[in-house]
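Here's the structure we're looking at; comments come further down.
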Amino acid sequence: MFLAKIYITLKSTVNDPQGQTVHGGLKTLGYDSVESVRMGKYLEVKIQADERSGAEAQISEMCHKLLSNPVIEDFHFDLEELS
Amino acid sequence: MRFGIVVFPGTWSDGDCYHATKNVLGQDTNYLWYQESPKLSDRFDCIVLPGGFSYGDYLRAGSIARFSPIMSAVAGFASGGGLVIGICNGFQILCEAGLLPGVLMRNDHLQYRCQWSCLRVERSTTPFTSSCIPGQVLRIPISHGEGNYFADGPTIQALEERGQVAFRYSTTDGDVTPDANPNGSANNIAGITNRKGNVLGMMPHPERCCEELMGGTDGKLIFESIIRHGARTG
Amino acid sequence: MPVTKEILDEIALSEEEYHRIADGLDREPNAVELGMFGALWSEHCGYKHSRPLLRLFPSTSKRVLLPPGQENAGAVDIGDGLAVVFKIESHNHPSAVEPFQGAATGVGGIVRDILAMGARPIALLNSLRFGPLEEPGNRHFLNGVVEGISWYGNCIGVPDVGGEVSFSSSYSQNPLVNALCVGLIEKERLVSASVGSEGNILLLAGAETGRDGIHGASGLASRTFEDEREMRPTVQVGNPFLEKLLIEACLEVAASGCLEGMQDLGAAGLTSSAIEAAARGKAGIDLDISRVHRRDSGMDTYEVMLSESQERMLLVINPSHKAQVESIFQKWGIPCVEIGTVNKSGVARIYETARPAAQLPIDLLTNPPRYRLQGVKPREQVEMQRYPLGSLPLPSESPNQVLLKLLESPNVCSKEDVYRQYDQQVQTNTVATPGGDAAILRIKGSNKGIALCTDGNGRYCYLDPYKGGAIAVAEACRNISCTGAEPIALTDCLNFGNPEYPETYYQMEWCIRGMAKACRVLGVPVVSGNVSLYNETQGHAIYPTPIVGALGLFEDVRRHVGLGFQGPGHTVILLGASMMRGKARDLAGSEYIERLHNVVAGRPNIDLELERQVQELCRRAIRDGIVASAHDCSDGGLAVALAESCIAGGVGFSGDLKVGGRWDAALFGEAQSRIVVSLRPEDLSELTKLTAELDVPFVSLGRTTSNPVLTLGGLIDLPVKELEHAWKRGLGTPTTAQ
């Protein structure tokens, strides 16, 4: 069993209104040192697989197919083996 | 009766609330800009936090607006017993600000919903419902994506025991059923008051139904209740 | 030639056009300049193929305030010193690439067109076309588009009050997303999108400029979709929150009296915005691009000039007002910078700080070549028109079964699943919400009101572009007339395939001719519009689909009716026909023969003189309080219209008149110019007087009943509950959120 921690983020060139607005909110609260904010999604997916490589391939495929929107988003994930 | 209508960046029911209290009900009405922080009790009898998408509802609905300067003034006004009504996004802001318990989560079906809804009046002893009779069913539109009222078990229980639930989504006959619940709210809750009863939050939009031409006038009952309360106490 | 064919393809210019540019400049253009020509000479900005045809539309009336095409939207005088501003625009190609953001930014774009006139946006409508939901992928388009519209429109506080959604395999993979916005303004305060006179300065307000949608106008709007993946980095992401602030800030600036002109940044971004505004002022401009606030580092001049970042406006002011305008934008938290000045040169000079990046005559930039092609009647059209409709057998299904099938057809069924995701009532003007023939808004502070709808049947236009175009106009106006309002102006969005194919050009030309004819007969001008060409995937063009947005006016909005029967015991009359006799030719292009016989054939027809009389009668009967409901017969014919009026009114209907000829054509045929009205029996004599005066044929169909059952001519006998159930399940699984 593996646990994939998946991070989905907007591509760096894509506009992120939510991040910008949160940035503005932080500034009004006095956090002037904040350089920028980008918002994304975080998912945890548990998956049965014998080998790490098999789990990796499957997670990667599901990120491509469903979990991320390849038009505007990138993704990366960390894979942990669960005992 | 002096109404103050708060405008946050992204508020859009400000004009509708203004039209209802000023033009339809003939009350003294003024806008309040979110960056102001005046002593409200000198100038107003009721503060309205209108609907809209303050800060685009980004992050969480109401989460950024609650830190506006006007909100500390509103909190002070409420603690002094002033009437505060939060409608839709205003309800969300009151919850984020801790002036009302609980939170408004995303609708359980995940969609935005704009439609007429039926509300059963649970109490007519609040300043916001005194023109209604208990059990009366009001027809008032909803328009929101995050109106699914949630609080932990003990909080809900306390709300129910203290009679803080003002409105529940119901059928046209006043039956509180799962089918009548448009968003998954706990106990079909559509509106609650604080413990003292001077702060009301509700998801439906009473300002949208104060004239026959708009399809109904049940929303007027809520504003008329407020005015009646003002006349009694003022 | 120093540029390659690949580069020209990239910016969608032909070699001939390139030579024309070089000749006009008397030198080779540099890369920035070429990009600017590519954008401004695209079909989207330059109307190369469509402008000569658009001139065919009548565009004036005593209410029209501006010449067509002069400003961002048409403006119509509704009296009391008020003007209604409106326009429809397509966002088909961006929606095909990314449905959610494509549709969302489509809404944002049309709203800024209205805002640029200085008007407050008061309503949105959407006309949507998708492939059949049974085919894979189309539900993804439907869900994404509807959610995108909902997300953007709801956040900016402009109600979405109507429109239509329909389905046909011709739109598979190429959905049509046409958004219409309506604004209201005191007519003396209308703002021009012109740079005005020498000495004015240009301010850029709103979002930072990023690498969004570069080549949107020339690339997306001139190409088809095989290379969709490759184009993906150009997708724009909208920020409705910023748009809402931009609306309030720009309206505040407009109200301050500081404004000389205003223009939105849409297709081709700063290039088209600044150049078109300069052309309107017959002026020249100097722009310093280094001042443009940018989201991405390292953007070059080309990218800044052509970026299609959303939520940006160009404002023209006298420099003496600069501090005041800046303080308004500051109040709303919106960046605003001075980027240029206006002069008399007639030339656009673009600088990066002091370095010149482009220098082009505005005349040449804004006068692309116009192409008047020779169209050829598509062979398919000839064949389909000859199709012997009379040889179609009667269906094996009973009339009851056919009616239920049609009611649950996605083209006929209830669209509540869609429109309940849109805020329909914010601004508290909405008198009639979606679901009727047309939406109705009141005008606060007066008794007036307006009615709005969109319409356009691609099937009819495919079978007969001329008649189909005429029907699109007639039907839009009929929907308005069914509420009691008088149609006073139209806006149109012309969705076609590649006009360089003679067959497609033929369809476009004859659709426009048919529309123009109907406009003249019905006395309604076209005041604004948009053209979307190259709608095709893998060689298949969409049905020719002109979408007509109609605006109607009520002098007294309280005098309106809906489509639902208003209680039992009312007499039900069909206006526009004198008997119930089914003729095979009325099956042409009908929903019925497509659904039940899987055939799209025949030759739709319309008698425009009859149409005008029927509509006038309907309006007068409503205004005089004679009729209690009115509903036009369209998709699915008479039986469907009766069923819809029963469902909306919650009453039954009983009609025992004899049906002659083919029963399927009588019940489900789509003969035009027919309206079902209901009235109290005592008002019948008043109605017949009117029919005599206006020479309109009619037939009495029956009466409404408290028993909630629809019976008709011994053929239909169904409980209204069953009709309603079929009608409500048509879209299948409700669309789910992203």
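The values are calculated or read from the model by the stated rules, or taken from the named source; none is laboratory data. The structure displayed is predicted, hence computed values, not measured ones. Note that each Cβ is placed from the backbone with ideal geometry, even for glycine, and that neighbours are counted across all protein chains shown.
Selection of first residues in region B:38-50 that are within 28 Å of B:His144 (Cα to Cα) and of second residues that are exposed (fewer than 14 other Cβ atoms within 10 Å of the Cβ) and among the hydroxyl-bearing types (Ser, Thr, Tyr), restricted to Cβ pairs under 8 Å at least 6 apart or on distinct chains, gives an empty result.
Would a scan of region A:63-70 turn up a residue that is among the polar types (S, T, N, Q), within 14 Å of another protein chain (Cβ to nearest Cβ) and surrounded by 13 or more Cβ atoms within 10 Å (Cβ to Cβ)?
Applying the first criterion (among the polar types (S, T, N, Q)) to region A:63-70 yields A:68-69.
Filter once more, so that each one left must be within 14 Å of another protein chain (Cβ to nearest Cβ): A:68-69.
Subset that is surrounded by 13 or more Cβ atoms within 10 Å (Cβ to Cβ): A:68-69.
The answer is yes, given that some residue of region A:63-70 is among the polar types (S, T, N, Q), within 14 Å of another protein chain (Cβ to nearest Cβ) and surrounded by 13 or more Cβ atoms within 10 Å (Cβ to Cβ).
Against the condition buried (at least 24 other Cβ atoms within 10 Å of the Cβ) and modelled with pLDDT of 95 or more, how does C:Gln263 come out, does it pass? In short, yes.
A Cβ distance below 6 Å, combined with a sequence gap of six or more or placement on separate chains, defines the contacts here; from region C:1-21, residues that are farther than 21 Å from C:Tyr47 by Cβ reach residues that are modelled with pLDDT of 90 or more in the pairs C:Pro2/C:Glu28. Note on region C:416-501: enclosed helices (runs of 4 or more DSSP H) holding 1 or more residues that are touching a helix residue (DSSP H, G or I) at 6+ places or on another chain (Cβ under 8 Å), farther than 18 Å from C:Gly552 by Cα and within 14 Å of chain B (Cβ to nearest Cβ) are C:416-419.
Scanning region A:2-43 for residues that are in contact with a strand residue (DSSP E or B) (Cβ under 6 Å, 6 or more places away or on another chain), away from chain C (no Cβ under 11 Å) and of a type outside the set (Phe, Trp, Tyr) returns A:Leu3, A:Ala4, A:Lys5, A:Ile6, A:Ile8, A:Thr9, A:Gly40, A:Lys41, A:Leu43.
For B:Cys114, state whether it is under 20 Å from B:Tyr149 (Cβ atoms) and touching a residue at least 60 places away in the same chain (Cβ under 8 Å).
On the way: under 20 Å from B:Tyr149 (Cβ atoms): yes; touching a residue at least 60 places away in the same chain (Cβ under 8 Å): no.
The answer is no for B:Cys114.
Within region C:579-599, the presence of at least one residue that is touching a strand residue (DSSP E or B) at 6+ places or on another chain (Cβ under 9 Å), surrounded by fewer than 20 Cβ atoms within 10 Å (Cβ to Cβ) and assigned to a loop (DSSP other than H, G, I, E, B) is confirmed.
Any residue that is touching a Gly at 6+ places or on another chain (Cβ under 8 Å), within 14 Å of chain C (Cβ to nearest Cβ), among the aliphatic types (A, V, I, L, M) and surrounded by fewer than 17 Cβ atoms within 10 Å (Cβ to Cβ) - is there at least one of those in region B:51-64? Within region B:51-64, one or more residues are touching a Gly at 6+ places or on another chain (Cβ under 8 Å), within 14 Å of chain C (Cβ to nearest Cβ), among the aliphatic types (A, V, I, L, M) and surrounded by fewer than 17 Cβ atoms within 10 Å (Cβ to Cβ).
If we scan region C:649-672, do we find a residue that is within 14 Å of chain B (Cβ to nearest Cβ) and either crowded, with 20+ Cβ neighbours inside 10 Å or within 35 Å of the chain's Cα centre (by Cα) (or both)? Walk me through how you get there before you give the answer.
Taking region C:649-672 first, the residues within 14 Å of chain B (Cβ to nearest Cβ) are C:650.
From what's left, either crowded, with 20+ Cβ neighbours inside 10 Å or within 35 Å of the chain's Cα centre (by Cα) (or both): C:650.
Yes, the conditions are met somewhere in region C:649-672.
Checking each residue of region C:621-642 against the condition of being within 20 Å of C:Tyr466 (Cα to Cα) and more than 14 Å from chain B (Cβ to nearest Cβ) gives at least one match.
None of A:Leu3, A:Leu43 is without any contact (Cβ under 8 Å) to a residue 40 or more places away in the chain, part of a strand (DSSP E or B) and of a type outside the set (Ser, Thr, Tyr) except A:Leu43. Looking only at residues of region B:1-46 that are of a type in the set (D, E, K, R), within 14 Å of chain C (Cβ to nearest Cβ) and surrounded by fewer than 21 Cβ atoms within 10 Å (Cβ to Cβ), we find that the one that is farthest from B:Ile85 (Cα to Cα) is B:Glu36.
Which of the residues spanning region C:59-114 are hydroxyl-bearing (Ser, Thr, Tyr) and surrounded by fewer than 24 Cβ atoms within 10 Å (Cβ to Cβ)?
Within region C:59-114, the first condition is being hydroxyl-bearing (Ser, Thr, Tyr), and the residues that meet it are C:59-61, C:90, C:95, C:105.
Result: C:Ser59, C:Thr60, C:Ser61.
State the number of residues belonging to region B:131-155 that are touching a residue at least 40 places away in the same chain (Cβ under 8 Å) and away from chain C (no Cβ under 14 Å). Qualifying residue count, region B:131-155: 7. For region C:121-133, the criterion of being in contact with an Asp or Glu (Cβ under 7 Å, 6 or more places away or on another chain), touching a residue at least 24 places away in the same chain (Cβ under 8 Å), within 14 Å of chain A (Cβ to nearest Cβ) and not hydroxyl-bearing (Ser, Thr, Tyr) is met by none of the residues.
Within region C:410-423, being touching a strand residue (DSSP E or B) at 6+ places or on another chain (Cβ under 8 Å) and either hydroxyl-bearing (Ser, Thr, Tyr) or under 27 Å from C:Asp77 (Cβ atoms) (or both) holds for C:Tyr419, C:Tyr422. Checked against the criterion of being within 30 Å of C:Ser169 (Cα to Cα), in contact (Cβ under 8 Å) with a residue 60 or more places away in the chain and of a type in the set (Ser, Thr, Tyr), region C:560-576 has no qualifying residue. For C:Ile350, the stated conditions do not hold, so it cannot be described as more than 30 Å from the chain's Cα centre (by Cα) and either in a helix (DSSP H, G or I) or surrounded by fewer than 18 Cβ atoms within 10 Å (Cβ to Cβ) (or both). Of the residues making up region B:190-224, those that are more than 18 Å from B:Gly62 (Cβ to Cβ), within 13 Å of chain C (Cβ to nearest Cβ) and outside any helix (DSSP H, G or I) number 6. For region C:76-90, the criterion of being in a helix (DSSP H, G or I), assigned by TED's automatic domain parsing to the domain that holds C:Phe141 and touching a helix residue (DSSP H, G or I) at 6+ places or on another chain (Cβ under 6 Å) is met by none of the residues. Answer with yes or no whether C:Gln385 is in contact (Cβ under 8 Å) with a residue 40 or more places away in the chain and either more than 13 Å from chain B (Cβ to nearest Cβ) or closer than 28 Å to C:Gly564 by Cα (or both). In short, yes.
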